[in-house]
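S.K.: I'd like to ask you about the structure that follows.
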Amino acid sequence: MNVIWYSIKSIFFALIVAYISLVATLLSHTVAMFFGLGQPDHTNFIESLKGVLPFFLVTAVIAIVIGELFKKLQQSNVERFFCIFLYHYYFFYGLKMLEAFLSGHDLMLGYELITQILPAVSFSFLVTVLWKPKIKGKPFIEQLRYYFRNTSFQRWAMKFLIGWLIFLPVCYLTNWLISPFIEPFDVSFTYPISNRLSIKLISGLLFVITILPIFIRWNESKTSILFWIGFPIFLQIAVYPAVVEFWLPMTVRFPNLIQYTVISFVMSIFFVQLFYVLRDDEVIDDQFKWMY
């Protein structure tokens, strides 16, 4: 009964988050138009039920998953809000905007920022308030010391460097695989290699920085963190664009869905192997010992 009640409550909370996020998106769009910041060169999802309904449903699912993820980290309210905002903004909005901006797309930065910041703040605040941990963990500085207690600077720097740079080959491999399908629709293929390299390097750096607080605060097993790292990212960078950006042809959305699904989980596997730290009290099941 407790599980059923908790599930109903979580769904109710998620619907509230999705509704307020939609209202915030509409409001921020109105503000951007009022100040003459322009309009995107594509159909906006809020202009059609084909975009609004998927946005509402996907945002509700994302709210539940991110809420449950950060609830496990036992952070203070301020720390949790700050981490959720950076995490959600980067994967839901920032990664795509960064790539579009650095690729040379005709991007109206003012419009994009106005229409993204308010929904991201609203989403993060509501998830912070509605998914509270039962207990508050150690202060972040103390947890940080615990995380790095058995790691030398050289070893940590090497892991960080690998985690940062691995994003580049993963993206290029998946781009190469889907390029025959989307190249006619994607002008970024015509831009210099230096532009595309800078995109991936900056995106990879922000990817690592955004994910690290989860590893620093994680109190559960290595097997469980793989799901909690990969699945929320998959929902935000793969599922959301595929179902909400209805103005793009399916010949673009489906290959992109495949690409970002692969990126989400391959990057998660690398990060778990690089950044997971075994807890002192963790008991490892024999069938999972090979993973450690």
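The values are calculated or read from the model by the stated rules, or taken from the named source; none is laboratory data. Note that the structure is a prediction, hence the values are computed from the model and not measured. Here the Cβ is made from the backbone with ideal geometry for all residues, glycine too, and neighbour counts use every protein chain on show. Accessible surface is based on the protein model in full, side chains and every heavy atom, while ligands, DNA and RNA are left aside. Shrake-Rupley method; radii C 1.70, N 1.55, O 1.52, S 1.80 Å.
S.K.: Once you put a point 7 Å from the Cα of ARG279 and another 7 Å from the Cα of PHE231, both along the Cβ direction, what distance in nm separates them?
M.R.: Taking the simple label geometry, ARG279 and PHE231 are separated by 1.8 nm.
S.K.: When you count, for each residue, the other Cβ atoms within 10 Å and take the mean per peptide, how do 136-148, 78-90 rank with the highest first?
M.R.: Output ranking for 136-148, 78-90: 78-90, 136-148.
S.K.: Per residue, how much accessible surface does the range 210-250 expose to a 1.4 Å probe? Answer in Å², no decimals.
M.R.: Here the residues of the range 210-250 average 30 Å² of exposed surface.
S.K.: While we're on this one: Sorted by mean Cβ packing within 10 Å, highest first, what order do the peptides 256-265, 168-177, 231-240, 212-221 take?
M.R.: Per-residue mean Cβ counts within 10 Å order the peptides as 231-240, 256-265, 212-221, 168-177.
S.K.: Hey, quick one: spin label on LEU57, modelled 7 Å out along Cα-Cβ, who in the range 1-27 has an amide N within reach, i.e. under 16 Å?
M.R.: Of the residues in the range 1-27, 15, 18-19 have backbone N under 16 Å from the label point off LEU57.
S.K.: Can you figure out the FRET efficiency of LYS138 with ILE4, using R₀ = 30 Å and their beta-carbon distance, to the nearest 0.05?
M.R.: 0.35
S.K.: Same structure again: Using a Förster distance of 30 Å, how high is the FRET efficiency between MET158 and LEU113, based on the Cβ-Cβ distance and rounded to 0.05?
M.R.: The value I calculate is 0.30.
S.K.: Explain nothing, just compute: Karplus ³J(HN,Hα) = 6.51 cos²θ - 1.76 cosθ + 1.60, θ = phi - 60°, for every residue of the range 6-15 in order, whole Hz, x for Gly and Pro.
M.R.: 5, 5, 4, 5, 5, 5, 4, 4, 5, 5
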